[in-house]
């Protein structure tokens, strides 16, 4: 005698939006590109569930009673449906809910923005949004930034969908240019004006575009503008004064301290008329190698700390000590 067992299939399938616990809701609304949205059904123990998600991607076990969905970025009407297969191989009817995906706003402030110190940058995410929220709590449509830091804005559209973007602002320093003090040059003396190393471009008022230029008596006002690699501009000006009221000083531009008792010292004729005169000598790197006592009682002998200096061009600054401008020039040491 054959015994036939009749399996009765009973279903109590309820589809739930697990994030908001909206049981048996016919439809609900999300924003485009929302992620980690969970959905679950209640059914029989041990059942397998078969899900279909339009417009989104299941990123968890697709046969569990709970799934996690990442929604796409295309607005529209979509459906999630699921049916159950019990351990007795009974198949249930589809249960579905409708999903409305609203458009999410989008804005980009840029990854990194550069300005120069003292400048301001207006961050503008664009118009047409319902609300704006900036990193400091302000809510105006635009934001003016001027300091180093990370700035962000969160925008919300008419659907209540939000988006946040950030930008790193770098305020680059202005090139610091120092051509030195206003200087008096006499006769054939000259001085090198150095605008500094900035890996940029140089614009001198005489048309030169090099890092350094030579200045001589009669050049008058000299200025330079330097644009560095970040586009920041620095400038400085120096006045080259004519050698007025100091024609009584005779300043050699070379001497030969070789021990032959001829021209072994750098003698400045007329220095005795300036009891407070002082003389400083520098090498080509700007290192001071000689400093006289007031009155220049012991002229320079071409040494520094007792050591003979090599043949080269050196630079001097003579302060007459009477309140007038310093005299600057170069001296060539020959052996």
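The values are calculated or read from the model by the stated rules, or taken from the named source; none is laboratory data. Remember, it's a predicted structure, so these values are computed and weren't measured experimentally. All Cβ positions, even for glycine, are placed from backbone atoms using ideal geometry, and neighbour counts span all protein chains on display.
Do we find a residue being crowded, with 18+ Cβ neighbours inside 10 Å, touching a strand residue (DSSP E or B) at 6+ places or on another chain (Cβ under 7 Å) and within 29 Å of residue 73 (Cα to Cα) anywhere in segment 170-178? No, every residue in segment 170-178 fails to be crowded, with 18+ Cβ neighbours inside 10 Å, touching a strand residue (DSSP E or B) at 6+ places or on another chain (Cβ under 7 Å) and within 29 Å of residue 73 (Cα to Cα).
Yes/no per residue for (1) out of contact with any helix residue (DSSP H, G or I) (no Cβ under 9 Å at 6 or more places or on another chain); (2) outside any strand (DSSP E or B); (3) touching a residue at least 40 places away in the same chain (Cβ under 8 Å):
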| position | (1), (2), (3) |
| --- | --- |
| 231 | yes, yes, yes |
| 240 | yes, no, yes |
| 257 | yes, yes, yes |
| 261 | yes, yes, no |
| 284 | yes, yes, no |
| 290 | yes, no, no |
| 296 | no, yes, no |
| 324 | yes, yes, yes |
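Has segment 223-245 got any residue that is surrounded by 19 or more Cβ atoms within 10 Å (Cβ to Cβ) and within 18 Å of residue 188 (Cβ to Cβ)? Within segment 223-245, one or more residues are surrounded by 19 or more Cβ atoms within 10 Å (Cβ to Cβ) and within 18 Å of residue 188 (Cβ to Cβ). Restricting segment 40-57 to residues that are modelled with pLDDT under 90 and surrounded by 16 or more Cβ atoms within 10 Å (Cβ to Cβ) leaves a set whose member that is farthest from residue 104 (Cα to Cα) is 44.
Residues that are in contact with a strand residue (DSSP E or B) (Cβ under 9 Å, 6 or more places away or on another chain), closer than 30 Å to residue 335 by Cα and at pLDDT 90 or above do not occur anywhere in segment 225-246. Among residues that are out of contact with any helix residue (DSSP H, G or I) (no Cβ under 6 Å at 6 or more places or on another chain) and crowded, with 19+ Cβ neighbours inside 10 Å, residue 83 is included. Taken as a whole, the structure leaves residue 93 outside the set of residues that are assigned by TED's automatic domain parsing to the domain that holds residue 57 and on the phi > 0 side of the Ramachandran plot. Give the residue that is farthest from residue 313 (Cα to Cα), with candidates limited to residues of segment 183-195 that are part of a loop (DSSP other than H, G, I, E, B) and in contact with a strand residue (DSSP E or B) (Cβ under 7 Å, 6 or more places away or on another chain). Once the filter is applied, the top-ranked residue is 195. Consider residue 314 carefully, then state whether it is in a strand (DSSP E or B) and within 21 Å of residue 184 (Cβ to Cβ). Judged against the criteria, residue 314 is a match. Of the strands (runs of 3 or more DSSP E) lying entirely inside segment 20-137, those containing at least 3 residues that are within 35 Å of the chain's Cα centre (by Cα) span 112-116, 121-123, 131-134.
Per-residue answers, yes or no, for (1) in contact (Cβ under 8 Å) with a residue 40 or more places away in the chain; (2) closer than 23 Å to residue 103 by Cα; (3) surrounded by 14 or more Cβ atoms within 10 Å (Cβ to Cβ); (4) in the same structural domain as residue 227 (by TED's automatic domain parsing):
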{"residue": "135", "(1), (2), (3), (4)": "no, no, yes, no"}
{"residue": "146", "(1), (2), (3), (4)": "no, no, no, no"}
{"residue": "152", "(1), (2), (3), (4)": "yes, yes, yes, no"}
{"residue": "159", "(1), (2), (3), (4)": "yes, yes, yes, no"}
{"residue": "168", "(1), (2), (3), (4)": "yes, no, yes, no"}
{"residue": "193", "(1), (2), (3), (4)": "yes, no, yes, yes"}
{"residue": "210", "(1), (2), (3), (4)": "no, no, no, yes"}
{"residue": "213", "(1), (2), (3), (4)": "no, no, yes, yes"}
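Scanning segment 298-311 for residues that are loosely packed, with under 14 Cβ neighbours inside 10 Å, part of a strand (DSSP E or B) and touching a strand residue (DSSP E or B) at 6+ places or on another chain (Cβ under 7 Å) yields a total of 0.
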